[in-house]
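One structure below.
The values are calculated or read from the model by the stated rules, or taken from the named source; none is laboratory data. Every value quoted in this text rests on a predicted model; they were computed, and no experiment measured them. Note that we place each Cβ from the backbone using ideal geometry, even for glycine, and neighbour counts take in every protein chain shown. Heads up: the accessible areas ignore ligands, DNA and RNA and are worked out on the full protein's heavy atoms, side chains in. Shrake-Rupley method; radii C 1.70, N 1.55, O 1.52, S 1.80 Å.
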Amino acid sequence: MCYLDYIQARYSTWTGRIGGESLVYLVFTLGIWAWRAVNALMVAAVPMLLMMITGVRQDWRALTLACAGYLLMDIITCGHAAVWVNGSIFYTWSLVCALLCIYFNLKGASFGAREGGAVWKRVVLLFPLIFFAASSIEQIGFALLAFFAIAIACRLREKEPLPPILMAQAGFLVAVLAVVLIAPGNSARAAQETEQWFPAFAELHFAERAFISIQWLLSSLANEGKLFLVFIWVGCLLAAPKKSKAVTALTAVFTAVALLPFAHVTAFADTGISYIDPAVPPDVFPSAARATALNIVAIVWWAVAGTFTFYTLKKSLGLTGVALFAVALLCEAMMFFSPTIYASGERVFYVTDWILLAALLLLLEKIPTERAKNAFVASALGFAVLNLLTQVPEMLAKLNG
């Protein structure tokens, strides 16, 4: 098919993600080696851009911690969102576009913000970045929208004028998201995937859908996100000028429980969906009725752990930390609307993991002593390697399967 026929067909019958589909068409036209070359740059760009955005001191510790993000996450998440051809285009490449957009806005002086000119540079660079970020994955588009909303709110709070270029970007982003969301293919795709992955999804009551969404979100914190949360808690403790005994004790308890799966103790990590294989449509779906007492305990435990995370980030990073964690959770909470909640989750975790990594980089800068920073990064790297090694059998099974 020619490009326009392909995009029209995808938009009408499958998805509104015309930006990502355009890149997919280009990649499959140019060949696999073109993808390999570009993807290598994109994979390297994500941690580099996070370092630049957070403004951390660019030494070996920040670089090590940023790159360790790939190993702190589940290997299947990394594989589906950074190594699989289509997944990398839709997730890693569009994430790079979003991060570049955020960086250029934060460093606006480089684009003529104080020169009164060079507006064309912003149009040429920023608007295509917004287009590919928002029209590849809605999740990334809404995360970028949260950035613009926070930027506008901060300026209004400080009673500063709103730059026209900022408002133009926000308006353009909303327009792109609207084009994506109203695509005729979305309904057809939802119907097809409901039938394939979750036939009862359309009939679930609000309370039932809310339960499985919360259950799934907290399960992701207990399993996928456990190491990110552990180092957020430890980083907040190390960054605190005065260490509360209560916070220290809670950090120790939450950390110990989060690390139990490495000792093959999974009771507190099992919210009731551990038996689902994301690659296979399930026959039995989780529900409140099927949750055991221990599942409920795990759900409550990780809800409390999430609340504790908000508290510690507020103490260490202020509203920035709260906003980062909130956006990270909202990136996953969007699966409330999707029948592929148990199939697409591994890729959805990817953006959340990188947002949590941004919080870790900010916490690294807050740790007061060089010795503590060294220990923090060394521990993170050690657990990242351990996380990889414990998943080697699963990785080999995927490669051989």
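Within the range 196-216, does at least one residue satisfy the condition of being in contact with a helix residue (DSSP H, G or I) (Cβ under 7 Å, 6 or more places away or on another chain) and either under 25 Å from Leu360 (Cβ atoms) or assigned to a loop (DSSP other than H, G, I, E, B) (or both)? Among the residues of the range 196-216, at least one is in contact with a helix residue (DSSP H, G or I) (Cβ under 7 Å, 6 or more places away or on another chain) and either under 25 Å from Leu360 (Cβ atoms) or assigned to a loop (DSSP other than H, G, I, E, B) (or both), which makes the answer yes.
Whether any residue in the range 341-349 is buried (at least 22 other Cβ atoms within 10 Å of the Cβ) and modelled with pLDDT of 90 or more is what I want to check. Scanning the range 341-349, I find at least one residue that is buried (at least 22 other Cβ atoms within 10 Å of the Cβ) and modelled with pLDDT of 90 or more, so the answer is yes.
Just for the range 148-183: of the residues that are part of a helix (DSSP H, G or I) and farther than 22 Å from Ile130 by Cα, which one is least open to solvent (accessible area, probe 1.4 Å)? Filtering first and then ranking leaves Leu156. Going residue by residue through the range 245-254, is there one that turns out to be open to solvent by less than 70 Å² (accessible area, probe 1.4 Å), closer than 19 Å to Thr307 by Cα, in a helix (DSSP H, G or I) and touching a residue at least 60 places away in the same chain (Cβ under 8 Å)? Among the residues of the range 245-254, at least one is open to solvent by less than 70 Å² (accessible area, probe 1.4 Å), closer than 19 Å to Thr307 by Cα, in a helix (DSSP H, G or I) and touching a residue at least 60 places away in the same chain (Cβ under 8 Å), which makes the answer yes. Report yes if some residue within the range 326-337 is more than 19 Å from Leu238 (Cα to Cα), open to solvent by 40 Å² or more (accessible area, probe 1.4 Å) and either modelled with pLDDT of 90 or more or outside any helix (DSSP H, G or I) (or both); otherwise report no. There is at least one residue in the range 326-337 that is more than 19 Å from Leu238 (Cα to Cα), open to solvent by 40 Å² or more (accessible area, probe 1.4 Å) and either modelled with pLDDT of 90 or more or outside any helix (DSSP H, G or I) (or both). Take the conditions more than 21 Å from the chain's Cα centre (by Cα), over 20 Å from Thr340 (Cβ atoms) and hydrophobic (A, V, I, L, M, F, W, C) and apply them to Ala240. Does it pass? Judged against the criteria, Ala240 is a match.
Within the range 287-314, take every residue that is assigned to a loop (DSSP other than H, G, I, E, B) and either in contact with a Phe, Trp or Tyr (Cβ under 8 Å, 6 or more places away or on another chain) or closer than 22 Å to Thr390 by Cβ (or both) and give me the one that is least open to solvent (accessible area, probe 1.4 Å). Looking at residues that are assigned to a loop (DSSP other than H, G, I, E, B) and either in contact with a Phe, Trp or Tyr (Cβ under 8 Å, 6 or more places away or on another chain) or closer than 22 Å to Thr390 by Cβ (or both), I get Ser287. Tell me whether the range 224-231 contains one or more residues that are among the aliphatic types (A, V, I, L, M), open to solvent by 20 Å² or more (accessible area, probe 1.4 Å) and within 30 Å of Leu364 (Cα to Cα). Among the residues of the range 224-231, not one is among the aliphatic types (A, V, I, L, M), open to solvent by 20 Å² or more (accessible area, probe 1.4 Å) and within 30 Å of Leu364 (Cα to Cα), which makes the answer no.
Only one of Ala380, Ala343 is among the aliphatic types (A, V, I, L, M), within 20 Å of the chain's Cα centre (by Cα) and in a loop (DSSP other than H, G, I, E, B). Can you tell me which?
Ala343
For Ala239, state whether it is touching a Leu at 6+ places or on another chain (Cβ under 6 Å) and either open to solvent by less than 20 Å² (accessible area, probe 1.4 Å) or of a type outside the set (Asp, Glu) (or both). Taking the combined requirement at face value, the residue satisfies it. Within the range 352-375, is there a residue that is under 20 Å from Ala222 (Cα atoms), open to solvent by 60 Å² or more (accessible area, probe 1.4 Å), among the hydrophobic types (A, V, I, L, M, F, W, C) and in contact (Cβ under 8 Å) with a residue 12 or more places away in the chain? No: the range 352-375 contains no residue that is under 20 Å from Ala222 (Cα atoms), open to solvent by 60 Å² or more (accessible area, probe 1.4 Å), among the hydrophobic types (A, V, I, L, M, F, W, C) and in contact (Cβ under 8 Å) with a residue 12 or more places away in the chain. Here Ile276, Ile232, Ile299 are screened, and the one residue that is in contact (Cβ under 8 Å) with a residue 60 or more places away in the chain, under 26 Å from Ile75 (Cα atoms) and out of contact with any helix residue (DSSP H, G or I) (no Cβ under 8 Å at 6 or more places or on another chain) is Ile276. Checking Leu23 against (1) without any contact (Cβ under 8 Å) to a residue 12 or more places away in the chain; (2) closer than 27 Å to Leu181 by Cβ; (3) aliphatic (A, V, I, L, M), which test does it fail? Of the numbered conditions (1) without any contact (Cβ under 8 Å) to a residue 12 or more places away in the chain; (2) closer than 27 Å to Leu181 by Cβ; (3) aliphatic (A, V, I, L, M), the odd one out for Leu23 is (1).
Applying a threshold of 7 Å to beta carbon distances and a minimum spacing of six or more residues, or different chains, the list of pairs starting in the range 180-194 at a residue that is under 15 Å from Ile7 (Cα atoms) and ending at one that is modelled with pLDDT of 90 or more and surrounded by fewer than 17 Cβ atoms within 10 Å (Cβ to Cβ) reads Pro184/Ser12; Gly185/Ser12; Gly185/Thr13. If you go through the range 255-286 and keep only what is loosely packed, with under 13 Cβ neighbours inside 10 Å, assigned to a loop (DSSP other than H, G, I, E, B) and modelled with pLDDT of 90 or more, you end up with His264, Val265.
Scan the range 384-395 and tell me whether some residue there is surrounded by fewer than 20 Cβ atoms within 10 Å (Cβ to Cβ) and not in a helix (DSSP H, G or I). The answer is yes, given that some residue of the range 384-395 is surrounded by fewer than 20 Cβ atoms within 10 Å (Cβ to Cβ) and not in a helix (DSSP H, G or I).
Pairing each residue of the range 146-169 that is more than 23 Å from Ile355 (Cα to Cα) with any residue that is open to solvent by 40 Å² or more (accessible area, probe 1.4 Å), provided the two are 6+ apart or on different chains, yields C-beta distances under 6 Å for Leu162/Arg155. Scanning the range 206-223 for residues that are more than 18 Å from the chain's Cα centre (by Cα) and either surrounded by fewer than 21 Cβ atoms within 10 Å (Cβ to Cβ) or small (Gly, Ala, Ser) (or both) yields Phe206, Ala207, Glu208, Arg209, Ala210, Phe211.
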